[in-house]
Amino acid sequence: MGETAAKWLRLAIREALLISVVATILGFAYAALSQKGIFSVHSPSPMLLTSDAGLSPEMIQIEEAQELFGSGTAVFIDTREEWDYRAGHIKGAVNIPLVEFDARIDSLKDLPGDKVLITYCDGTECSSSIEFANRLYSTGISNVKIFFGGWEEWKSSQLPVETSAP
Amino acid sequence: MEVQSASCGNVRAMKTLIRNRYFILALRVLLGLAFVVGSLEKIVDPDAFGFSISNYRIFPAFIIPVPATILPWMELLCGLSILFGVLLRGSSLMVATMLVVFTLAVLSAMLRGLDITCGCFTNDPAAAAIGWGKVAENTGLLCTSLLLLYSGEGPLSLEHYLRRRTGEGTALPM
(Lines give C-alpha, C1' and ligand atoms only; values in the text may rest on other atoms or scores of the structure.)
Protein backbone atom coordinates (compact mmCIF):
# COMPACT_ATOMS: atom_id res chain seq x y z
CA MET A 1 0.00 0.00 0.00
CA GLY A 2 2.86 2.35 0.87
CA GLU A 3 4.65 1.54 -2.38
CA THR A 4 1.60 2.20 -4.54
CA ALA A 5 0.98 5.45 -2.73
CA ALA A 6 4.59 6.52 -3.32
CA LYS A 7 4.25 5.69 -7.01
CA TRP A 8 1.05 7.70 -7.31
CA LEU A 9 2.61 10.60 -5.44
CA ARG A 10 5.61 10.67 -7.77
CA LEU A 11 3.26 10.61 -10.74
CA ALA A 12 1.19 13.38 -9.21
CA ILE A 13 4.29 15.53 -8.70
CA ARG A 14 5.42 15.00 -12.29
CA GLU A 15 1.98 15.90 -13.61
CA ALA A 16 1.84 18.92 -11.31
CA LEU A 17 5.19 20.16 -12.60
CA LEU A 18 3.99 19.84 -16.19
CA ILE A 19 0.84 21.81 -15.44
CA SER A 20 2.82 24.48 -13.57
CA VAL A 21 5.25 24.98 -16.44
CA VAL A 22 2.45 25.29 -19.01
CA ALA A 23 0.52 27.67 -16.74
CA THR A 24 3.57 29.88 -16.27
CA ILE A 25 4.20 30.08 -20.00
CA LEU A 26 0.55 30.79 -20.78
CA GLY A 27 0.33 33.37 -18.01
CA PHE A 28 3.29 35.42 -19.20
CA ALA A 29 2.34 35.00 -22.86
CA TYR A 30 -1.18 36.25 -22.23
CA ALA A 31 0.05 39.20 -20.17
CA ALA A 32 2.58 40.15 -22.85
CA LEU A 33 0.13 39.82 -25.72
CA SER A 34 -2.69 41.68 -24.01
CA GLN A 35 -0.38 44.22 -22.32
CA LYS A 36 -1.94 43.62 -18.96
CA GLY A 37 -0.50 43.01 -15.53
CA ILE A 38 3.26 43.12 -15.48
CA PHE A 39 3.36 44.25 -19.08
CA SER A 40 0.74 46.91 -18.46
CA VAL A 41 1.05 50.19 -20.35
CA HIS A 42 0.41 52.08 -17.11
CA SER A 43 3.51 52.93 -15.20
CA PRO A 44 3.77 51.90 -12.52
CA SER A 45 1.39 48.97 -13.08
CA PRO A 46 -1.76 49.51 -11.02
CA MET A 47 -1.30 46.20 -9.27
CA LEU A 48 1.83 47.44 -7.54
CA LEU A 49 -0.14 50.00 -5.59
CA THR A 50 -1.05 49.04 -2.06
CA SER A 51 -2.66 50.98 0.73
CA ASP A 52 0.56 51.58 2.68
CA ALA A 53 0.43 54.80 4.61
CA GLY A 54 2.44 57.60 3.09
CA LEU A 55 2.38 56.10 -0.36
CA SER A 56 -1.25 56.78 -1.01
CA PRO A 57 -4.13 59.16 -0.43
CA GLU A 58 -5.39 59.89 3.02
CA MET A 59 -8.50 58.25 4.47
CA ILE A 60 -10.88 60.70 6.08
CA GLN A 61 -13.62 60.34 8.67
CA ILE A 62 -17.24 61.37 8.25
CA GLU A 63 -16.73 64.72 9.98
CA GLU A 64 -14.09 65.87 7.51
CA ALA A 65 -16.14 64.54 4.57
CA GLN A 66 -19.12 66.52 5.81
CA GLU A 67 -17.01 69.65 6.23
CA LEU A 68 -15.55 69.39 2.74
CA PHE A 69 -19.05 68.75 1.38
CA GLY A 70 -20.34 71.91 3.03
CA SER A 71 -17.44 74.07 1.87
CA GLY A 72 -18.12 73.26 -1.78
CA THR A 73 -14.46 72.48 -2.47
CA ALA A 74 -14.99 68.74 -2.85
CA VAL A 75 -16.07 66.52 -5.71
CA PHE A 76 -17.32 63.16 -4.46
CA ILE A 77 -16.66 60.19 -6.74
CA ASP A 78 -18.98 57.23 -6.32
CA THR A 79 -16.97 54.17 -7.40
CA ARG A 80 -19.89 51.72 -7.22
CA GLU A 81 -21.86 50.22 -10.08
CA GLU A 82 -24.35 52.45 -11.88
CA TRP A 83 -27.47 50.89 -10.42
CA ASP A 84 -26.21 51.38 -6.86
CA TYR A 85 -25.43 55.00 -7.69
CA ARG A 86 -28.86 55.60 -9.19
CA ALA A 87 -30.60 54.10 -6.19
CA GLY A 88 -28.97 56.67 -3.98
CA HIS A 89 -25.72 58.61 -3.72
CA ILE A 90 -24.11 61.51 -1.90
CA LYS A 91 -25.68 64.70 -3.20
CA GLY A 92 -23.70 66.06 -6.14
CA ALA A 93 -21.47 63.01 -6.46
CA VAL A 94 -20.37 61.78 -9.88
CA ASN A 95 -20.51 58.09 -10.73
CA ILE A 96 -17.34 56.54 -12.07
CA PRO A 97 -17.38 52.77 -11.43
CA LEU A 98 -13.90 51.42 -10.78
CA VAL A 99 -14.03 49.34 -13.94
CA GLU A 100 -14.45 52.50 -16.01
CA PHE A 101 -11.38 54.19 -14.57
CA ASP A 102 -9.28 53.93 -17.72
CA ALA A 103 -12.06 55.16 -19.96
CA ARG A 104 -12.94 58.18 -17.87
CA ILE A 105 -9.61 59.25 -16.38
CA ASP A 106 -9.11 62.07 -18.87
CA SER A 107 -12.30 63.81 -17.81
CA LEU A 108 -11.04 63.89 -14.24
CA LYS A 109 -7.80 65.55 -15.24
CA ASP A 110 -9.83 68.47 -16.62
CA LEU A 111 -11.23 69.30 -13.19
CA PRO A 112 -9.99 72.53 -11.53
CA GLY A 113 -6.97 71.96 -9.31
CA ASP A 114 -8.48 73.56 -6.22
CA LYS A 115 -11.13 70.85 -5.92
CA VAL A 116 -10.53 67.91 -3.63
CA LEU A 117 -11.54 64.54 -5.09
CA ILE A 118 -13.09 62.25 -2.48
CA THR A 119 -13.74 58.64 -3.46
CA TYR A 120 -16.25 56.42 -1.71
CA CYS A 121 -18.03 53.12 -2.24
CA ASP A 122 -20.43 51.16 -0.09
CA GLY A 123 -18.38 51.35 3.08
CA THR A 124 -15.71 49.49 4.98
CA GLU A 125 -16.56 46.19 3.28
CA CYS A 126 -15.47 47.31 -0.20
CA SER A 127 -12.11 48.51 -1.41
CA SER A 128 -12.95 50.10 -4.76
CA SER A 129 -12.73 53.56 -3.18
CA ILE A 130 -9.16 52.81 -2.10
CA GLU A 131 -8.11 51.36 -5.41
CA PHE A 132 -9.70 54.21 -7.35
CA ALA A 133 -7.89 56.77 -5.20
CA ASN A 134 -4.59 54.91 -5.54
CA ARG A 135 -4.92 54.86 -9.30
CA LEU A 136 -5.72 58.59 -9.33
CA TYR A 137 -2.65 59.19 -7.22
CA SER A 138 -0.48 57.23 -9.62
CA THR A 139 -1.53 59.41 -12.53
CA GLY A 140 -0.20 62.47 -10.71
CA ILE A 141 -3.44 63.77 -9.20
CA SER A 142 -2.53 64.36 -5.55
CA ASN A 143 -5.62 66.18 -4.19
CA VAL A 144 -7.37 62.90 -3.49
CA LYS A 145 -8.93 61.61 -0.28
CA ILE A 146 -10.84 58.47 0.59
CA PHE A 147 -14.05 58.57 2.58
CA PHE A 148 -13.89 55.00 3.80
CA GLY A 149 -17.15 55.04 5.74
CA GLY A 150 -18.83 55.39 2.35
CA TRP A 151 -22.46 55.36 1.40
CA GLU A 152 -23.56 53.41 4.47
CA GLU A 153 -22.13 55.88 6.96
CA TRP A 154 -23.26 58.95 5.00
CA LYS A 155 -26.80 57.60 4.76
CA SER A 156 -27.05 56.58 8.40
CA SER A 157 -25.80 60.02 9.44
CA GLN A 158 -28.76 61.45 7.50
CA LEU A 159 -26.58 63.69 5.35
CA PRO A 160 -27.74 65.09 1.99
CA VAL A 161 -28.42 62.42 -0.63
CA GLU A 162 -30.13 62.18 -3.98
CA THR A 163 -31.20 59.59 -6.52
CA SER A 164 -31.02 59.54 -10.30
CA ALA A 165 -33.57 58.65 -12.91
CA PRO A 166 -32.47 55.81 -15.22
CA MET B 1 -19.05 -7.12 18.68
CA GLU B 2 -21.92 -5.25 17.17
CA VAL B 3 -20.14 -1.88 17.33
CA GLN B 4 -17.13 -3.39 15.59
CA SER B 5 -19.10 -4.74 12.64
CA ALA B 6 -21.03 -1.47 12.32
CA SER B 7 -17.86 0.60 12.01
CA CYS B 8 -16.35 -1.92 9.58
CA GLY B 9 -19.52 -1.63 7.55
CA ASN B 10 -19.17 2.15 7.49
CA VAL B 11 -15.57 2.04 6.28
CA ARG B 12 -16.51 -0.46 3.60
CA ALA B 13 -19.43 1.71 2.53
CA MET B 14 -17.14 4.71 2.26
CA LYS B 15 -14.61 2.79 0.17
CA THR B 16 -17.39 1.63 -2.13
CA LEU B 17 -18.59 5.18 -2.52
CA ILE B 18 -15.14 6.49 -3.39
CA ARG B 19 -14.78 3.81 -6.04
CA ASN B 20 -18.16 4.67 -7.53
CA ARG B 21 -17.53 6.18 -10.95
CA TYR B 22 -20.43 8.59 -10.76
CA PHE B 23 -19.38 9.85 -7.36
CA ILE B 24 -15.91 10.54 -8.71
CA LEU B 25 -17.38 12.29 -11.75
CA ALA B 26 -19.58 14.42 -9.50
CA LEU B 27 -16.59 15.44 -7.39
CA ARG B 28 -14.60 16.25 -10.53
CA VAL B 29 -17.36 18.41 -11.98
CA LEU B 30 -17.80 20.27 -8.68
CA LEU B 31 -14.13 20.98 -8.12
CA GLY B 32 -13.27 21.48 -11.79
CA LEU B 33 -16.02 24.00 -12.43
CA ALA B 34 -15.24 25.88 -9.21
CA PHE B 35 -11.68 26.46 -10.33
CA VAL B 36 -12.43 27.16 -14.00
CA VAL B 37 -15.12 29.71 -13.20
CA GLY B 38 -13.11 31.26 -10.38
CA SER B 39 -10.07 31.73 -12.59
CA LEU B 40 -11.69 33.52 -15.52
CA GLU B 41 -12.20 36.93 -13.96
CA LYS B 42 -8.68 36.89 -12.60
CA ILE B 43 -7.18 36.04 -15.97
CA VAL B 44 -9.04 38.88 -17.65
CA ASP B 45 -8.00 41.50 -15.08
CA PRO B 46 -4.64 40.66 -13.50
CA ASP B 47 -4.29 44.20 -12.15
CA ALA B 48 -7.41 43.89 -10.01
CA PHE B 49 -6.34 40.42 -8.88
CA GLY B 50 -2.93 41.82 -7.97
CA PHE B 51 -4.74 44.40 -5.84
CA SER B 52 -6.70 41.62 -4.10
CA ILE B 53 -3.43 39.84 -3.32
CA SER B 54 -1.85 43.04 -2.01
CA ASN B 55 -4.75 43.43 0.43
CA TYR B 56 -3.45 40.40 2.33
CA ARG B 57 -0.21 42.24 3.05
CA ILE B 58 1.87 39.09 2.66
CA PHE B 59 4.10 39.84 -0.32
CA PRO B 60 6.25 42.90 -0.94
CA ALA B 61 4.74 44.99 -3.72
CA PHE B 62 7.31 44.25 -6.41
CA ILE B 63 6.72 40.51 -6.32
CA ILE B 64 2.94 40.61 -6.61
CA PRO B 65 2.80 40.64 -10.43
CA VAL B 66 4.30 37.14 -10.50
CA PRO B 67 1.57 35.25 -8.61
CA ALA B 68 -1.05 37.58 -10.10
CA THR B 69 0.03 36.51 -13.59
CA ILE B 70 0.61 32.80 -13.02
CA LEU B 71 -1.93 31.78 -10.38
CA PRO B 72 -5.13 32.29 -12.39
CA TRP B 73 -3.73 30.16 -15.22
CA MET B 74 -2.77 27.43 -12.79
CA GLU B 75 -6.33 27.49 -11.51
CA LEU B 76 -7.76 27.36 -15.03
CA LEU B 77 -5.56 24.48 -16.17
CA CYS B 78 -6.13 22.50 -12.97
CA GLY B 79 -9.86 23.11 -13.22
CA LEU B 80 -10.00 21.89 -16.81
CA SER B 81 -7.74 18.95 -16.02
CA ILE B 82 -9.97 17.87 -13.14
CA LEU B 83 -13.13 18.39 -15.15
CA PHE B 84 -11.96 16.20 -18.03
CA GLY B 85 -10.04 13.76 -15.90
CA VAL B 86 -6.60 14.22 -17.47
CA LEU B 87 -3.44 14.51 -15.35
CA LEU B 88 -5.96 14.30 -12.55
CA ARG B 89 -3.62 13.36 -9.71
CA GLY B 90 -1.24 16.20 -10.58
CA SER B 91 -3.98 18.80 -10.70
CA SER B 92 -5.62 17.48 -7.52
CA LEU B 93 -2.30 17.76 -5.76
CA MET B 94 -1.86 21.33 -7.02
CA VAL B 95 -5.41 22.28 -6.10
CA ALA B 96 -4.99 20.80 -2.61
CA THR B 97 -1.75 22.75 -2.17
CA MET B 98 -3.30 25.99 -3.42
CA LEU B 99 -6.28 25.57 -1.10
CA VAL B 100 -4.04 25.01 1.91
CA VAL B 101 -2.07 28.14 1.03
CA PHE B 102 -5.24 30.20 0.39
CA THR B 103 -6.83 29.08 3.65
CA LEU B 104 -3.69 29.92 5.60
CA ALA B 105 -3.67 33.35 3.94
CA VAL B 106 -7.32 33.92 4.86
CA LEU B 107 -6.73 32.80 8.46
CA SER B 108 -3.65 34.99 8.71
CA ALA B 109 -5.55 38.01 7.41
CA MET B 110 -8.41 37.31 9.83
CA LEU B 111 -5.97 37.08 12.74
CA ARG B 112 -4.46 40.43 11.81
CA GLY B 113 -7.91 41.97 11.65
CA LEU B 114 -7.83 42.79 7.94
CA ASP B 115 -11.35 43.49 6.69
CA ILE B 116 -10.82 42.62 3.05
CA THR B 117 -12.52 40.89 0.18
CA CYS B 118 -11.32 37.39 -0.54
CA GLY B 119 -10.46 37.72 -4.22
CA CYS B 120 -11.32 34.01 -4.46
CA PHE B 121 -13.86 33.86 -7.24
CA THR B 122 -14.16 37.45 -8.30
CA ASN B 123 -12.12 40.64 -8.28
CA ASP B 124 -15.21 42.64 -7.37
CA PRO B 125 -14.32 44.69 -4.31
CA ALA B 126 -17.95 44.61 -3.22
CA ALA B 127 -17.99 40.82 -2.97
CA ALA B 128 -18.05 38.83 0.25
CA ALA B 129 -15.35 39.59 2.77
CA ILE B 130 -13.08 36.95 4.30
CA GLY B 131 -14.27 35.06 7.35
CA TRP B 132 -15.06 31.62 8.73
CA GLY B 133 -17.45 31.00 5.83
CA LYS B 134 -14.53 31.24 3.42
CA VAL B 135 -12.46 28.91 5.58
CA ALA B 136 -15.28 26.36 5.64
CA GLU B 137 -15.74 26.64 1.87
CA ASN B 138 -12.02 26.12 1.26
CA THR B 139 -11.92 23.16 3.63
CA GLY B 140 -14.77 21.51 1.71
CA LEU B 141 -12.94 22.00 -1.59
CA LEU B 142 -9.74 20.72 0.01
CA CYS B 143 -11.46 17.51 1.13
CA THR B 144 -12.82 17.06 -2.39
CA SER B 145 -9.37 17.45 -3.92
CA LEU B 146 -7.84 14.98 -1.45
CA LEU B 147 -10.56 12.43 -2.21
CA LEU B 148 -9.81 12.79 -5.92
CA LEU B 149 -6.08 12.51 -5.27
CA TYR B 150 -6.79 9.19 -3.58
CA SER B 151 -9.36 7.87 -6.05
CA GLY B 152 -7.82 8.93 -9.34
CA GLU B 153 -9.80 10.08 -12.33
CA GLY B 154 -12.06 7.03 -12.63
CA PRO B 155 -13.33 5.40 -15.83
CA LEU B 156 -15.56 8.32 -16.87
CA SER B 157 -12.60 10.44 -17.88
CA LEU B 158 -10.66 11.58 -20.92
CA GLU B 159 -7.49 9.92 -19.68
CA HIS B 160 -9.20 6.56 -19.32
CA TYR B 161 -10.64 6.96 -22.79
CA LEU B 162 -7.23 7.77 -24.29
CA ARG B 163 -5.62 4.91 -22.42
CA ARG B 164 -8.10 2.48 -23.88
CA ARG B 165 -7.48 3.79 -27.37
CA THR B 166 -3.70 3.68 -27.20
CA GLY B 167 -3.15 0.65 -24.97
CA GLU B 168 -1.93 0.29 -21.36
CA GLY B 169 0.16 2.79 -19.44
CA THR B 170 -0.56 6.30 -18.28
CA ALA B 171 -1.34 9.07 -20.78
CA LEU B 172 1.84 10.82 -19.70
CA PRO B 173 4.77 9.79 -21.94
CA MET B 174 7.36 9.93 -19.17
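The values are calculated or read from the model by the stated rules, or taken from the named source; none is laboratory data. Being a predicted model, the structure only gives us computed values, none of them experimental. Glycine gets a Cβ as well: all are built from the backbone with ideal geometry, and neighbour counts include every protein chain shown. To get the accessible areas, we keep the full protein, side chains included, count just its heavy atoms, and leave off ligands, DNA and RNA. Shrake-Rupley method; radii C 1.70, N 1.55, O 1.52, S 1.80 Å.
Annotations for the structure displayed:
- Residue in the stretch B:57-80 that is out of contact with any His (no Cβ under 8 Å at 6 or more places or on another chain), more than 16 Å from A:Ser20 (Cα to Cα), surrounded by 20 or more Cβ atoms within 10 Å (Cβ to Cβ) and free of Cβ contacts under 8 Å to residues at least 24 places away in the same chain present: yes
- Hits in the stretch A:143-163 (condition: touching a residue at least 12 places away in the same chain (Cβ under 8 Å) and open to solvent by 40 Å² or more (accessible area, probe 1.4 Å)): A:Asn143, A:Lys145, A:Phe148, A:Glu152, A:Glu153, A:Lys155, A:Ser157, A:Pro160, A:Val161, A:Glu162, A:Thr163
- Failed item in (1) surrounded by fewer than 21 Cβ atoms within 10 Å (Cβ to Cβ); (2) more than 14 Å from chain B (Cβ to nearest Cβ), with A:Tyr137 passing the rest: (2)
- Subset of the stretch A:112-166 (residues that are touching a Gly at 6+ places or on another chain (Cβ under 8 Å), in a helix (DSSP H, G or I) and more than 12 Å from A:Glu58 (Cα to Cα)): A:Gly150, A:Trp151, A:Glu152, A:Glu153, A:Lys155
- Every residue from the stretch B:57-70 that is facing chain A (nearest Cβ under 8 Å) and part of a helix (DSSP H, G or I): B:Ala61, B:Phe62, B:Pro65, B:Val66, B:Ala68, B:Thr69, B:Ile70
- Residue match in the stretch A:77-95 (condition: more than 14 Å from chain B (Cβ to nearest Cβ), within 20 Å of A:Gly113 (Cβ to Cβ), open to solvent by less than 10 Å² (accessible area, probe 1.4 Å) and not in a loop (DSSP other than H, G, I, E, B)): yes
- Members of the stretch B:157-174 that are at pLDDT 85 or above, touching a helix residue (DSSP H, G or I) at 6+ places or on another chain (Cβ under 8 Å) and open to solvent by 60 Å² or more (accessible area, probe 1.4 Å): B:Leu158
- Scanning the stretch B:35-52 for residues that are surrounded by fewer than 22 Cβ atoms within 10 Å (Cβ to Cβ) and of a type in the set (A, V, I, L, M) gives B:Val36, B:Val37, B:Leu40, B:Ile43, B:Val44.
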